[in-house]
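Below you'll find the structure, written out as structure tokens, and then a few comments.
Quick note: the coordinates plus some simple rules give every number you see, no bench work behind them. All values reported here derive from a predicted model rather than from experimental measurement. Glycine gets a Cβ as well: all are built from the backbone with ideal geometry, and neighbour counts include every protein chain shown.
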Amino acid sequence: MREILFDTETTGVFPDHADEKQRDRIVEIGCVEVFNLERTGREFHAYINPDRDVPEEVVRVHGLRGDFLKTQKRFGEIVADFIEFVGDAPLVAHNASFDRGFINAELRRLKMAELETERFVDTLAIARKKFPGASCSLDALARRFQLDRYGFDLASRKGPGGHGALVDSRILAEVYLHLKGGREQRLVFETEETTMSDAANQMPIELVRRAQRPVPLGARGSTEEAEAHAAFVAKLGDKAIWLKTGS
């Protein structure tokens, strides 16, 4: 099953602020393709010009300043590539309502169709159900599942600019795998993909009894060979197996 793990970085938390000048915008989007919970290596990533300032407290989170973002493409210039990449796959995000709200706000500005709520899978909701009462932030889950074993630098995420949409999506892909049952769940997917030919090969073998010949086959040896065989059997005594079978 193909799914898209994704994350966004923004200028704040209010994409639909009453004051248009105060509306927050997406400044980065990262997507990771997984198939049967395993990363395929295909990714989509873009920095985005929000056409507004970036508050300093937000810069401390993702490290993206206005002077850099002004040199990037606007959302309308990357949206076609984004839509093509995600296709019709389910969209998996941590606190999905936040990212869905920002993406759909950008799509509305472009008078484009919004992404349906039913397409989104929220890993935060899954984690809270699995670990009630525990911290279920993406960083907390990364520590719980010891993702530093897979090369993720979890310590650096505590510092300024430690978060980014693409790296968060990569971390989320691994977290999602663990939330869904880990490597064992991936083996279930592989089992479900057994082909028809494989299934046929696993069916029990039926042995078909051959019908008896209407006329037994005649002796294949010559008269001399039969006489030599009889002389050999006679030397073996009355317990020779050939005497019991009549051969």
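What to note about this one:
- Pairs from Lys21/Lys111; Lys73/Lys158; Lys70/Lys111; Lys21/Lys73 whose Cα-Cα separation, in the structure shown, is over 25 Å: Lys73/Lys158
- Partner lysines for Lys235 [C-alpha distance under 16 Å; skip if fewer than 8 residues away on the same chain]: Lys244
- By average C-beta atoms within 10 angstrom, highest first, the peptides 151-159, 26-34, 134-142, 11-19: 26-34, 134-142, 11-19, 151-159
- Near-label residues of segment 2-33 by backbone N, under 19 Å of a point 7 Å along Cα→Cβ of Arg144: 6
- Viscosity 1.002 mPa s, 20 °C: Kirkwood-radius Stokes-Einstein D of segment 2-184 over Cα pairs, µm²/s: 127 µm²/s
- Each of Glu114 and Ala80 was given a label point 7 Å from its Cα along the Cα-to-Cβ line. The distance between the two points is 2.5 nm.
- Extension gain, Asp51 to Phe232, is 54.5 nm, computed as 0.36 nm per intervening residue step minus the present C-alpha separation.
- Candidate lysines - alpha carbon under 21 Å from Lys130, same-chain residues fewer than 8 apart omitted: Lys180
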